[in-house]
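Single-structure report; data block below.
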């Protein structure tokens, strides 16, 4: 029985500008390289044994019209110079047989670093709570090793992808997207 469990995933991001809101979104998807797919947004589980591949490799595996599962962060505005951001974060256990968490975060007025860090912290906090651990993301993060240290044995890694942009000066719609794209055999 095929249970639709992805075995590969890639991260991508994009930005689009257009006078029409929907076309701005389409252009952001083009920028991200996933415009040929029928995207279905899903929630936050990173499957066990799922391999993260490069965007270049992942995009080559896509077929026009393909139903494609994604975790997507998206923000849009037509206000000139307004700072928009969208990020997807991943917290992945060191044990690849366990599942991890993917989070999305989007907003206004946040830098790329702030938005990306927040998305990672969300994913890490969700994973820690699943493992029964009360975690303060600021105290658990080991910057040098790029891992979250929680408890004596529970460690996981995190990463994020973030797209920021300033609203178009002429009032065109500006859309930013960040996606974790899931692939099935």
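Since every read-out is calculated from the coordinates, none of them should be taken as a lab result. Predicted, not measured: the structure shown is a model, and the values here were computed from it. As a convention, Cβ positions derive from the backbone with ideal geometry for all residues, glycine included, and neighbour counts pool all protein chains shown.
Please label the shape of the range 9-74 as rounded, prolate or oblate, based on the square roots a ≥ b ≥ c of the eigenvalues of the alpha-carbon gyration tensor (a/c under 1.5 means rounded; beyond that, a/b larger than b/c means prolate, else oblate). Taking the square roots of the gyration eigenvalues as a ≥ b ≥ c, the range 9-74 is prolate.
Can you give the Kirkwood hydrodynamic radius for the chain, in Å, rounded to one decimal and based on Cα pairs?
16.9 Å
Extension gain for the segment residue 20 to residue 94, taken as residue separation times 0.36 nm less the Cα-Cα distance, is 22.3 nm to one decimal.
Taking neighbour Cβ counts within 10 Å as the exposure measure, how do 90, 29 sort from fewest upward?
Result, fewest neighbours first: 29, 90.
Helix 112-130 and the long axis of the chain differ in direction by around 40°, with both axes built from C-alpha atoms.
Remark: 26, 56 ranked as 56, 26, counting other beta-carbon atoms within 10 Å and listing the fewest first. Three principal axis extents of the range 96-136 based on alpha-carbon atoms, in descending order, are 36, 21, 12 Å.
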